[in-house]
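Let me begin by presenting the structure, written as structure tokens, before commenting on it.
The values are calculated or read from the model by the stated rules, or taken from the named source; none is laboratory data. All values reported here derive from a predicted model rather than from experimental measurement. Note that we place each Cβ from the backbone using ideal geometry, even for glycine, and neighbour counts take in every protein chain shown.
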Amino acid sequence: MARNLDDLFVYPTQLLDEESLSVVRLVRQWSDREIVSKRMEYREGYEHLFAGKREKLCIDIGLQKLTIPADLGGFGWNSPSKAPAMLALAFEIGRADASIGILSAASWALFLMMACQHNHNDKLCGSLAARFSDETVRTPALILTGPGLTGMQTPLFFGRSILACAEKSETGFTLNGKALRPLIAGGLADFFCVVCADRSGKPCIAFVPGDAKGVKRGPSILMTGLNACGNAQIDFNQVPVPLENVLNHEGNIEELYIWLNLLLGGVSVGAAMNFFELLADWSESRTIKGGVLLKENPLCASVLADVACEIALSRLLLCDLAGIIAAQKESGPETIRRTFTYAGMIGHRVQKGAMHAMNRGLELMGSAGYAKEWHVEKHWRDVKTIQSILYGVAAEAPLKMDTARFFYNCTEI
């Protein structure tokens, strides 16, 4: 049964201009034609079809250049004002394939840290734009903070351990780090975005080409989902990094987290929306004792309502976050701190909501004796993996401390 998802999961389209709406419609057409309407074909040939579908989105449609400045050959969406439009695209791509969605989100986030008016870095932005503007699909990998290692003292970013170190050298910096785990795509990455710290412990971000001398990739990491992203542990051994490839201004790391919470939240909710479509179609054809449609049974309808409610509210929360980002009139420390706090709270809540929606739907399917369904399981595995890499082991405590610092002006935690 065809459903208009925008009528069911309402979205404040007044935040989008006509150009943005046209791009969103184009990406929805890509999603429907290339993947959603060909799920069985996509499943059977996933390993070789994935690259082609992603290339069509990144190169043919051009979304790889979405946040590259217009004067460097990009779309020119390098502005916080485009947050609602980028979120809408994350919904559409996540609905098709969360792996393509998270890779796209990482690519967009790279330029949003260095190409906006308030944080523009001419040299770095120009060199990266040249790489991302050719006819080759580029894969970025993000190495963020983590829970740390037993018995090892590390620099901290608001209670989160930084495991890579950037030491000053004659030509710039030298990057070191052992057994680092990127969020995604460590084994495939053309470029690494690494949260690190200098000798004094000050957090910064280093941008490292994947073929740089001293970069070592370990064996593939087995993951629950996002299997097409090909992750692997990374070692940096005396990797030379040019001075312009290191961002050390206050607020850089917070901005990276803000964009990741927004865009990866959009990918997860997009996947959950397609999960809803599959669940709704399934509920249309299942009967229970007495020949009654399963969805007309009050108990089953209550579970179906839980699924829809979680997805709808998660989508609205992300829309609010996009509005907060787009409405920023200044980029001072207090503004960034406020947005960073809200991005963490909303991102965490959204990932939990999307996961809860899928858990409830799978429970209902299982109770009715449903046979294994690859598309439903894939969405569950992908969203579970996104939730784990953003809010996994030891991630909730720093998030709560961020919230306490903002709302109660805590100074000693």
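Against the definition (closer than 28 Å to Asp32 by Cα, crowded, with 17+ Cβ neighbours inside 10 Å and not aromatic (Phe, Trp, Tyr)), how does Asn261 come out, yes or no?
yes
Look at Arg95 and say whether it is surrounded by 18 or more Cβ atoms within 10 Å (Cβ to Cβ), over 20 Å from Pro242 (Cβ atoms) and of a type outside the set (A, V, I, L, M).
The answer is yes for Arg95.
Which of the following residues is touching a residue at least 24 places away in the same chain (Cβ under 8 Å) and closer than 21 Å to Phe132 by Cα: Leu57, Leu15?
Leu57
Could you list, in sequence order, all residues of the stretch 64-102 that are among the β-branched types (Val, Ile, Thr), touching a Gly at 6+ places or on another chain (Cβ under 6 Å) and under 13 Å from Gly126 (Cα atoms)?
Answer for the stretch 64-102, where residues must be among the β-branched types (Val, Ile, Thr), touching a Gly at 6+ places or on another chain (Cβ under 6 Å) and under 13 Å from Gly126 (Cα atoms): just Ile68.
Please give the number of the condition Tyr11 fails out of (1) within 21 Å of the chain's Cα centre (by Cα); (2) part of a helix (DSSP H, G or I); (3) modelled with pLDDT under 95.
(2)
Only one of these is in contact with a Lys or Arg (Cβ under 8 Å, 6 or more places away or on another chain) and in a helix (DSSP H, G or I): Gln64, Gln29. Name it.
Gln64
For the stretch 360-370, state whether one or more residues are surrounded by 13 or more Cβ atoms within 10 Å (Cβ to Cβ), in a loop (DSSP other than H, G, I, E, B) and of a type outside the set (D, E, K, R).
So far as the stretch 360-370 goes, yes, one or more of its residues are surrounded by 13 or more Cβ atoms within 10 Å (Cβ to Cβ), in a loop (DSSP other than H, G, I, E, B) and of a type outside the set (D, E, K, R).
Residues Ser331, Ser314: which one is of a type in the set (Gly, Ala, Ser), outside any helix (DSSP H, G or I), within 27 Å of Leu16 (Cα to Cα) and touching a Gly at 6+ places or on another chain (Cβ under 8 Å)?
The unique qualifying residue is Ser331.
If Ser81 satisfies all but one of (1) buried (at least 24 other Cβ atoms within 10 Å of the Cβ); (2) within 30 Å of Ala312 (Cβ to Cβ); (3) in contact with a helix residue (DSSP H, G or I) (Cβ under 6 Å, 6 or more places away or on another chain), what's the number of the condition it fails?
With respect to (1) buried (at least 24 other Cβ atoms within 10 Å of the Cβ); (2) within 30 Å of Ala312 (Cβ to Cβ); (3) in contact with a helix residue (DSSP H, G or I) (Cβ under 6 Å, 6 or more places away or on another chain), Ser81 is out only on (1).
Rundown of residues vs (1) part of a helix (DSSP H, G or I); (2) surrounded by fewer than 17 Cβ atoms within 10 Å (Cβ to Cβ); (3) not charged (D, E, K, R), yes/no style:
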{"position": "Phe236", "(1), (2), (3)": "no, no, yes"}
{"position": "Glu244", "(1), (2), (3)": "yes, yes, no"}
{"position": "Glu255", "(1), (2), (3)": "yes, no, no"}
{"position": "Ser268", "(1), (2), (3)": "yes, no, yes"}
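Among the candidates Ser161, Ser200, which residue alone is of a type in the set (S, T, N, Q) and closer than 23 Å to Met223 by Cα?
Going through Ser161, Ser200 in turn, just one is of a type in the set (S, T, N, Q) and closer than 23 Å to Met223 by Cα: Ser161.
Criterion first (surrounded by 20 or more Cβ atoms within 10 Å (Cβ to Cβ), in contact with a helix residue (DSSP H, G or I) (Cβ under 7 Å, 6 or more places away or on another chain) and either within 24 Å of Glu396 (Cβ to Cβ) or not hydrophobic (A, V, I, L, M, F, W, C) (or both)) does Leu183 satisfy it?
yes
What number goes with the only condition from (1) assigned to a loop (DSSP other than H, G, I, E, B); (2) over 23 Å from the mean Cα position of the chain (by Cα) that Glu250 does not pass?
Against the list (1) assigned to a loop (DSSP other than H, G, I, E, B); (2) over 23 Å from the mean Cα position of the chain (by Cα), Glu250 comes up short only on (2).
Which count do you get for residues in the stretch 77-100 that are small (Gly, Ala, Ser) and within 18 Å of Ile59 (Cβ to Cβ)?
2
From the list Ala272, Ala343, pick out the single residue that is farther than 28 Å from Ser37 by Cβ, touching a residue at least 24 places away in the same chain (Cβ under 8 Å) and buried (at least 17 other Cβ atoms within 10 Å of the Cβ).
Ala343
What's the total number of residues in the stretch 289-311 that are modelled with pLDDT of 95 or more and either in a loop (DSSP other than H, G, I, E, B) or within 27 Å of Gly265 (Cβ to Cβ) (or both)?
Total satisfying the criteria: 10.
For Pro240, work out the one condition from (1) touching a residue at least 24 places away in the same chain (Cβ under 8 Å); (2) over 22 Å from Asn176 (Cβ atoms) it doesn't fulfil.
Checking Pro240 against (1) touching a residue at least 24 places away in the same chain (Cβ under 8 Å); (2) over 22 Å from Asn176 (Cβ atoms), the one that fails is (2).
Regarding Asn231, is this residue assigned by TED's automatic domain parsing to the domain that holds Trp380, crowded, with 20+ Cβ neighbours inside 10 Å and either out of contact with any Phe, Trp or Tyr (no Cβ under 7 Å at 6 or more places or on another chain) or at pLDDT below 95 (or both)?
Spelling it out, it is not the case that Asn231 is assigned by TED's automatic domain parsing to the domain that holds Trp380, crowded, with 20+ Cβ neighbours inside 10 Å and either out of contact with any Phe, Trp or Tyr (no Cβ under 7 Å at 6 or more places or on another chain) or at pLDDT below 95 (or both).
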